[in-house]
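Notes follow once the structure below has been shown.
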Amino acid sequence: MPVEGPLNHLFGEVSYEFTWGNEGGGAKTKESNLYLRAGYHLFMTKNLALTPRIGYTMEKYDPGGGLNVVKSKGLAGEIVIRSWLGRKWLK
């Protein structure tokens, strides 16, 4: 966020993924995912941060033919370790 102090490391994220392909036997698969997340960078060093994220996820998977479509949605959390190669991110 464009603020001074501890809230500077808070962020929001919206992402969408769509994939399609062929599985064995020629079945055409489709998958789509929508993620809405908020997270916070907890810096351990200038270039390394522990980043917990929490958000809402909607996923849909069609293994082919549209008969067995699998859908899921709900809250999801994760913890990520991030590394930056340069020092320009922190002053």
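The values are calculated or read from the model by the stated rules, or taken from the named source; none is laboratory data. Please read these numbers as outputs of a predicted model, since none were measured by experiment. With ligands, DNA and RNA removed, areas are computed over all heavy atoms of the protein, side chains included. Shrake-Rupley method; radii C 1.70, N 1.55, O 1.52, S 1.80 Å.
Scanning region 9-56 for residues that are open to solvent by 70 Å² or more (accessible area, probe 1.4 Å) and not in a strand (DSSP E or B) gives Glu23, Gly24, Gly25, Met44, Thr45, Lys46. Candidates are the residues of region 57-91 that are farther than 28 Å from Tyr40 by Cα, part of a loop (DSSP other than H, G, I, E, B) and open to solvent by 100 Å² or more (accessible area, probe 1.4 Å); the one that is modelled with the lowest pLDDT is Leu67.
When region 21-54 is filtered for residues that are over 17 Å from Asn8 (Cα atoms) and at pLDDT 90 or above, the ones remaining, listed by number, are Lys30, Glu31, Ser32, Asn33, Leu34, Tyr35, Leu36, Ile54.
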